[in-house]
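For reference, the structure discussed in these notes is given below.
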Amino acid sequence: MSVWWEVVNMRKLISANFFRLFRDKTFWFCVGAMFIYAVAYMLNGVRQATASLAVYHYTFTLDDYYFHFAVVIGIFCALICSMFLGTEYSDGTIRNKLVVGHTRADIYLASLTVTFLATLLVMAVWLIGALVGVPALGVWQMDIPHLLECLVIAVLAVAVFSSIFTFISMLSANKAVTVAVSIFVFLGLLILASMIYNGLQQPELASSVEMTQNGMQMSEPQPNPEYIGGAKRTIYEFMMDFLPTGQGILMWQLEIAHPLRMMLSSVLLVVVPTLGGIAVFKRKNLK
């Protein structure tokens with residue numbers, strides 16, 4: 001009976017959250033911004049592909065552009081989560097939920113669920129809007145299993161972002177601080193992943209330009225001091241698979257080499273912040 005009651009309470013909380021979400025201006029701003037961004041990005045990709053084919057005879061495909069959303073979806077999750085949950089604190093909604101008998105664990109999980117589903121809706125807007133590139137670029141070149149694999153990794157990455165930003169939002173009663181911290185955390189993760197990725201892109205051998213009697217010529221390839229090898233490279237590769245922003249960059253670049261490791265990392269990064277967030281939220285003073 002108690003389990004059934006918990007299920008009913010969760011359904012009520014999630015329904016109430018969605019009722020508020022669909023009246024939230026920030027959510028609809030993110031939906032509109034993502035759609036415009038998807039269409040503009042893909043049309044620019046079509047222009048680039050057309051010019052490249054005419055000049056260099058190089059063909060771009062839909063795959064080369066379609067997964068760019070994986071790099072930016074985190075910032076939309078940060079905005080939706082911090083603004084939506086921050087408003088719950090400022091309006092006293094969380095205290096009201098406690099007064100009517102909802103547990104703190106249920107409130108936390110309901111907030112996480114709505115943040116996750118709301119961000120998935122924004123991601124779906126990209127997936128639909130980006131199809132504007134199909135008439136010029138054609139459909140995906142990758143096979144269906146690979147496409148589904150990428151989408152599963154993207155969904156799990158959204159779950160990671162949702163768990164991180166819900167953790168921040170539920171533990172901070174100051175809406176402005178919550179928004180700022182959430183955005184800075186995302187940008188920090190993105191910069192870190194970009195630095196790691198750029199390091200991994202350094203070639204093992206590099207040539208320099210030399211001036212000779214015959215003009216400028218390329219020298220013989222020499223060991224590149226910037227090249228990352230050995231155990232350090234293994235750690236860097238693991239970090240790219242582990243970080244949600246790293247997964248986004250690899251997905252955008254179509255360089256997914258360890259999908260299972262990515263998925264397991266995402267599951268871990270959902271479970272740990274969620275359990276930790278619930279434990280701390282239970283002890284938080286909401287006065």
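The values are calculated or read from the model by the stated rules, or taken from the named source; none is laboratory data. Worth saying up front: this structure is predicted, and the values here are computed from it rather than measured. As a convention, Cβ positions derive from the backbone with ideal geometry for all residues, glycine included, and neighbour counts pool all protein chains shown. Note: accessible area is taken over every heavy atom of the protein model, side chains too, but ligands, DNA and RNA are not part of it. Shrake-Rupley method; radii C 1.70, N 1.55, O 1.52, S 1.80 Å.
For the chain, what is the relative contact order in percent, using Cα pairs closer than 8 Å and at least 6 residues apart in sequence? Working shown, then result.
Values: 332 pairs, mean separation 73.5, N = 287.
In percent, rounded to a whole number, it is 26.
Would you please give the FRET efficiency between Ile36 and Asn198, computed as 1/(1 + (r/R0)^6) with r the Cβ-Cβ distance and R0 = 30 Å, to the nearest 0.05? Could you put the intermediate results ahead of the total?
Working: r = 29 Å, r/R0 = 0.96.
Once the sixth-power term is evaluated, E becomes 0.55.
Once amide H atoms are built 1.01 Å from N in the peptide plane, which residues 5 or more positions from Leu62, or in another chain, come under 5 Å H to H?
Under 5 Å from the amide H of Leu62 lie the amide H atoms of Gln141, each far enough along the sequence or on another chain.
Charges at C-beta only: +1 for Lys and Arg, -1 for Asp and Glu. How large is the resulting dipole of the stretch 139-287 about its Cα centre, in Debye rounded to 20?
Charge dipole of the stretch 139-287: 1280 debye, to the nearest 20.
Using label points projected 7 Å from each Cα along Cα→Cβ, tell me how many nm separate Ala16 and Glu226, to one decimal.
5.5
For the stretch 89-185, what relative contact order do you get, as a whole percent, if you take Cα pairs closer than 8 Å and at least 6 residues apart?
Details: 30 pairs, mean separation 42.5, N = 97.
Contact order relative to length: 44 percent.
Can you tell me how much longer the chain between Lys284 and Val267 gets when fully stretched, taken as 0.36 nm per residue apart minus their C-alpha distance, in nm with one decimal?
Numbers: separation 17, 0.36 × 17 = 6.12 nm, distance 2.57 nm.
Taking Lys284 through Val267 to full extension adds about 3.6 nm, to one decimal.
Can you work out the FRET efficiency for the pair Gln48 and Val155, with r the C-beta to C-beta distance and R0 = 25 Å, to the nearest 0.05?
Values: r = 28 Å, r/R0 = 1.13.
About 0.35, to the nearest 0.05.
Could you check the simple spin-label distance between Ile144 and Phe29, using points 7 Å along Cα→Cβ, in nm with one decimal?
4.1
Please list, in chain and number order, the residues 5+ apart from Ala206 or on another chain whose amide H is under 5 Å from its amide H, with Hs placed from the backbone.
Gln222, Asn224
Once ligands and nucleic acids are excluded and a 1.4 Å probe is used, how much of Ile75 is accessible, expressed in Å² to the nearest 10?
40
Ignoring ligands, DNA and RNA, what percent of the accessible area of the chain is carbon or sulfur (1.4 Å)? Please list the in-between numbers first.
Values: 10190 of 14910 Å².
Of the solvent-accessible surface of the chain, carbon and sulfur hold 68 percent.
What is the angle, in °, between the Cα long axis of helix 144-171 and the longest principal axis of the Cα atoms in the chain? Nearest 10 is fine, range 0 to 90.
50
Once phi is turned into θ = phi - 60°, what whole-Hz ³J(HN,Hα) does the Karplus curve with 6.51, -1.76 and 1.60 give for every residue of the stretch 65-81, x standing for Gly and Pro?
With coefficients 6.51, -1.76 and 1.60, one gets 10, 5, 9, 4, 4, 5, 7, 9, 4, x, 5, 5, 4, 4, 5, 4, 5 Hz.
Taking only Cα atoms, what is the 0 to 90° angle, nearest 10, from helix 230-242's long axis to the longest principal axis of the chain?
40
Could you go through the stretch 125-140 in sequence order and give the Karplus-derived ³J(HN,Hα) for each residue, using 6.51 cos²θ - 1.76 cosθ + 1.60 with θ = phi - 60°, rounded to whole Hz, and x for Gly and Pro?
4, 5, 4, 7, x, 5, 5, 4, x, 4, x, 8, 9, x, 8, 4
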